[in-house]
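Enquirer: Below: one structure in structure tokens.
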Amino acid sequence: MAAAALGQGGGASTDLPAGGQATAAQVTEPDRGLDVAAAETQTAESDMRARLAELRDQAAEAEARLTDLRQQSAELERQVSGLTAQRDAAREEIAALEARRTEAEAALAQAQQREAELRQGLENATTRQTAAEAAALDAERRQAEAEQGFAEAQELRAIAEAALAETTAEVERATAARTVSPQEAEPAVAEEQQADASVPPPEDTVTADPPQQQRPAATVDAALARAPALGSGPQRAELRQRLIAGECPAEALRGAYGQINRQSLRVLVAELGACG
């Protein structure tokens, strides 16, 4: 358009008015205005081209940035998808762990209940065992008391039998001593003097003690081995002979030792009996 204007201006400058010739000043002034306008138009066109190029560059940069943003958005979407999958997997794992924890808690509760039952059973068994042991100890104590009472009864019986035997012997000796009294001796002497000298005098009749039943030597030796406080001297040998001969343990102890040891008598009575 500027070129057309310039062309038109150039054509006009060559066409002179028909009525006369133009002066140089009249011809130069319009040309100068046209040149300025053309220069301004060219400058404006240059500015517009530069601005257009700048806008195109900005558009290219914006397009490139938009492409980057799209790529970043796609990458973020992929990351979000991966994180979502991880989240779902984590939720499933947490659910599985919760289920396992519930099962473990149930198993622990059962184990604790079983432990409590076993502990209660153990306490009950311990209580029964303690009661049984106490009953056994009481039974042993009563048995020991019964055995001790039986041994003491046997000992008292043996002592009583020994005392009875000794008293019986004393009574028999006293009876034998009274068989021939001084008052009865004088008539007997007179009668004997009147009797024939060839007739021998009658022998004294003394009631003999019943024979004692002897004991086996092995039985006596076994009893002596168990009896305490007997020693190993001649008194023990005498006691052995008396027991084998059939004497009562009490009489044999008194005859051999001069006294009666209750512990020794208890064992001898238990092994050999009160009397033979």
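Enquirer: Checking A237 against (1) modelled with pLDDT under 80; (2) of a type outside the set (K, R); (3) farther than 26 Å from L156 by Cβ, which single condition isn't satisfied?
Expert: Here A237 clears every test but (1).
Enquirer: Right, something else. Just checking, how many residues over the range 256-276 are at pLDDT 90 or above and not in a helix (DSSP H, G or I)?
Expert: Number satisfying all stated conditions: 4.
Enquirer: Would you be able to tell me the number of residues in the range 261-270 that are farther than 16 Å from A153 by Cβ and surrounded by fewer than 18 Cβ atoms within 10 Å (Cβ to Cβ)? Let's see the steps before the verdict.
Expert: We begin by selecting, within the range 261-270, every residue farther than 16 Å from A153 by Cβ; these are 261, 264.
Now restrict to residues that are surrounded by fewer than 18 Cβ atoms within 10 Å (Cβ to Cβ): 261.
Going through the range 261-270 one residue at a time, the tally reaches 1.
Enquirer: Sticking with this structure for a sec: If you take the residues in the range 227-240 that are assigned to a helix (DSSP H, G or I) and loosely packed, with under 14 Cβ neighbours inside 10 Å, which one is nearest to the chain's Cα centre (by Cα)?
Expert: We begin by selecting, within the range 227-240, every residue assigned to a helix (DSSP H, G or I); these are 234-240.
Filter once more, keeping what is loosely packed, with under 14 Cβ neighbours inside 10 Å: 234, 237.
Details: P234: 63, A237: 61 Å.
It comes out as A237.
Enquirer: Select from the range 241-250 the residues that are crowded, with 20+ Cβ neighbours inside 10 Å and more than 60 Å from the chain's Cα centre (by Cα) and list them in ascending order. Explain how you work it out, then say what you get.
Expert: Going through the range 241-250, the residues crowded, with 20+ Cβ neighbours inside 10 Å turn out to be 242-243, 247-250.
Answer for the range 241-250, where residues must be crowded, with 20+ Cβ neighbours inside 10 Å and more than 60 Å from the chain's Cα centre (by Cα): R242, L243, E247, C248.
Enquirer: Would you please name the residue that is nearest to E247 (Cα to Cα), looking only at residues in the range 199-226 that are modelled with pLDDT under 85 and surrounded by 10 or more Cβ atoms within 10 Å (Cβ to Cβ)? Give the steps one after another, and end with the answer.
Expert: The first filter runs over the range 199-226 and keeps only residues modelled with pLDDT under 85, leaving 199-213.
Narrowing further to those that are surrounded by 10 or more Cβ atoms within 10 Å (Cβ to Cβ): 206, 209, 212.
Details: V206: 21, D209: 13, Q212: 7 Å.
Out of the qualifying residues, it is Q212.
Enquirer: Then there is this: Restricting the search to the range 224-266, which residues are in contact (Cβ under 8 Å) with a residue 60 or more places away in the chain and charged (D, E, K, R)? Before the answer, list the steps.
Expert: The first filter runs over the range 224-266 and keeps only residues in contact (Cβ under 8 Å) with a residue 60 or more places away in the chain, leaving 248-251, 254, 260, 262, 265-266.
Across the range 224-266, the qualifying residues are E251, R254, R262, R266.
The values are calculated or read from the model by the stated rules, or taken from the named source; none is laboratory data. None of these values were measured; they are calculated from a predicted model. Glycine also receives a Cβ, built like all others from the backbone with ideal geometry; neighbour counts cover every protein chain displayed.
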